[in-house]
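Heads up, the thing below is written out as structure tokens.
The values are calculated or read from the model by the stated rules, or taken from the named source; none is laboratory data. Everything numeric here is computed off the predicted structure, so don't read it as measured data. Every residue, glycine among them, receives a Cβ derived from its backbone with ideal geometry; neighbour counts consider all protein chains shown.
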Amino acid sequence: MKRQETMQLSQIPSMTALLAAVSADSRLSAEPRSTITPILRSVVEDIRSRGHSGETSPREYESAAILEAVFRKIELRRLHRIRPVINATGILLHTGLGRSPLPEVAIERVARVAAGYCNLEINLDDGQRGMRCSYAEILLQELTGAEAALIVNNNAAATLLALCALAEKKEVIVSRGQLIEIGGSYRLPDVMQAGGARLREVGTTNKTRISDYERAIGENTALIMRVHTSNYRIVGFTAAPSTPELAQLAHRRGLLMYDDLGSGAMLDDAVWTAADEPTVPQALRDGADLVSFSGDKLLGGPQAGILLGSREVIEQLREHPMARALRVDKLTIAALEATLECYVDSDTARESIPMLKSLNEPITTVQSRAKRLVEQLNTKPLDIKISTSMEQSYAGGGSLPAWPLPTACVRCVLPRTQQVHEIAHRLRIGDPSVMCRIRDDSIVLDLRTIRDSEVGLLATAIESALSH
């Protein structure tokens with residue numbers, strides 16, 4: 001048996017022969033030798049290892065089979081690259097798909113800044129060293145009425161910095177109903193511990209009164225913290241103090257009040273009122289000393305954590321050693337500046353920021369896209385049943401969990417139900433890549449998150465996946 005295995009392993013072509021075969025293979029010949037060689041070696045090593053265990057077939061030793069395995073590995077590597085995806089899930093702020101698409105002006109600004117050098121920390125007026133993010137912070141102050149602003153790399157970082165700078169080794173009072181856990185295993189008690197603060201829970205899951213906060217205040221209390229329950233709502237028999245009540249209590253007792261808004265709606269807009277979503281300017285008007293929120297959720301910009309508040313509090317955060325570790329780069333700043341400029345005029349913001357435009361888009365427009373997609377699919381020789389339906393989608397990304405959006409979907413029923421997951425996989429790995437929903441053994445395409453320019457691409461992608 002051992003001799004037979006050795007004879008089979010000796011049939012594996014040499015590396016010289018395999019590299020020559022790579023040069024003649026149109027799928028692989030353009031790949032750099034530095035990429036191909038280690039992958040080729042790993043494939044051969046895998047065959048040898050399985051060959052010693054008797055787990056291989058004679059065909060696996062052939063040059064063509066080895067090159068096919070190399071090609072599959074390279075294709076798998078490519079799938080891990082960041083690439084555009086057509087979002088047919090209906091989730092506007094899909095965390096896995098990069099949350100909010102940037103406004104065109106932000107894309108153009110990032111491209112210009114990325115192409116060369118920029119005045120990241122240089123004051124062009126006097127040529128001396130300047131402050132990173134100064135223009136974006138000025139815009140934030142003007143848009144919200146905050147005395148000062150600070151920008152870090154996401155809202156989790158903003159929370160961590162606030163706790164480190166303002167409450168290390170001290171107590172932070174939080175309602176038990178606000179001890180959130182969100183995607184990626186972000187748990188507020190864990191962040192509190194990492195920031196060196198001590199959590200003081202008050203109230204119950206569904207009811208917390210202002211008297212609960214008042215009784216919890218002691219000599220070691222640093223902050224009263226309100227946390228926006230971004231990805232869930234507690235409804236029914238509930239009670240919670242308002243932001244003004246918490247701020248008044250904090251100030252009466254010589255404490256700071258920190259409002260972690262999470263999503264961070266900027267405009268005082270009817271859409272947020274309807275969704276019972278607090279806005280950044282309102283939180284500041286209600287007396288919060290510090291407010292933090294995300295840049296890539298309801299603001300509609302790049303990933304960032306934005307801190308607004310009194311000049312004294314923000315300077316305390318800015319001077320903390322952690323602030324440098326959490327700072328943002330030039331591309332994030334460029335995108336954020338351009339996004340904030342859109343908010344100078346509220347109508348411009350609603351029209352030019354993709355997230356806001358999608359949230360406010362009339363259902364008739366979404367239905368029109370669904371109709372166009374059905375018409376294009378019907379021109380193709382596809383063995384599927386196509387229908388449309390009125391459904392609901394959500395903002396996602398931990399935003400507006402109790403506010404469903406009416407949407408129009410196109411459902412593709414395949415001839416064999418076992419094909420559904422296979423076709424969904426082909427859509428994901430295709431070019432362009434498409435993320436869809438699967439329900440009731442059907443492919444469901446939600447047109448709320450499809451741009452007008454993507455309808456034709458989506459129809460072609462479906463045709464390609466079905467005819468593979």
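Below, the figures for the structure above:
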| read-out | value |
| --- | --- |
| Segment 364-373: number of residues that are over 10 Å from Leu458 (Cβ atoms) and crowded, with 19+ Cβ neighbours inside 10 Å | 2 |
| Residue, farthest from Ser368 (Cα to Cα), within segment 387-433, restricted to residues that are surrounded by fewer than 16 Cβ atoms within 10 Å (Cβ to Cβ) and small (Gly, Ala, Ser) | Ala402 |
| Residues of segment 437-456 classified as exposed (fewer than 14 other Cβ atoms within 10 Å of the Cβ) and at negative phi, total | 5 |
| Count of residues meeting criterion [of a type in the set (Gly, Ala, Ser) and either assigned to a strand (DSSP E or B) or at pLDDT 90 or above (or both)] in segment 170-186 | 1 |
| Enumeration of residues in segment 21-40 that are surrounded by 13 or more Cβ atoms within 10 Å (Cβ to Cβ) and of a type in the set (D, E, K, R) | Asp25, Arg27, Glu31 |
| Leu92 being over 15 Å from Ile12 (Cβ atoms) and under 32 Å from the mean Cα position of the chain (by Cα) | yes |
| Candidate set: segment 60-99, residues that are small (Gly, Ala, Ser) and touching a strand residue (DSSP E or B) at 6+ places or on another chain (Cβ under 9 Å); chosen: the one farthest from Leu40 (Cα to Cα) | Gly90 |
| Test set (1) surrounded by 22 or more Cβ atoms within 10 Å (Cβ to Cβ); (2) within 25 Å of Asp260 (Cα to Cα) - Gln303 fails condition number | (1) |
| All positions within segment 199-235 that are touching a Leu at 6+ places or on another chain (Cβ under 9 Å), among the small types (Gly, Ala, Ser) and modelled with pLDDT of 90 or more | Ala222 |
| Yes/no for Ile151 being within 19 Å of Asp296 (Cα to Cα), among the β-branched types (Val, Ile, Thr) and modelled with pLDDT under 90 | no |
| Total residues in segment 438-465, condition within 24 Å of His80 (Cα to Cα) and touching a Gly at 6+ places or on another chain (Cβ under 7 Å) | 4 |
| Which listed residue, of Gly116, Gly196, is touching a Leu at 6+ places or on another chain (Cβ under 9 Å) and either within 21 Å of Ser230 (Cβ to Cβ) or part of a loop (DSSP other than H, G, I, E, B) (or both) | Gly196 |
| Residue that is nearest to Asp431 (Cα to Cα) [pool: residues in segment 56-114 that are among the charged types (D, E, K, R) and crowded, with 19+ Cβ neighbours inside 10 Å] | Arg99 |
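Per-residue answers, yes or no, for (1) out of contact with any helix residue (DSSP H, G or I) (no Cβ under 7 Å at 6 or more places or on another chain); (2) among the basic types (Lys, Arg); (3) assigned by TED's automatic domain parsing to the domain that holds Leu400:
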site	(1), (2), (3)
Glu75	yes, no, no
Leu92	no, no, yes
Arg112	yes, yes, no
Leu120	no, no, no
Gly127	yes, no, no
Ala136	no, no, no
Gln141	yes, no, no
Thr144	no, no, no
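Residue-by-condition table, conditions (1) surrounded by fewer than 21 Cβ atoms within 10 Å (Cβ to Cβ); (2) closer than 30 Å to Leu166 by Cβ; (3) of a type in the set (D, E, K, R):
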site: Pro321; (1), (2), (3): yes, yes, no
site: Thr332; (1), (2), (3): no, yes, no
site: Ala338; (1), (2), (3): no, no, no
site: Tyr343; (1), (2), (3): no, yes, no
site: Ser346; (1), (2), (3): yes, no, no
site: Ile353; (1), (2), (3): no, no, no
site: Glu375; (1), (2), (3): yes, no, yes
site: Lys380; (1), (2), (3): yes, no, yes
site: Ile384; (1), (2), (3): yes, no, no
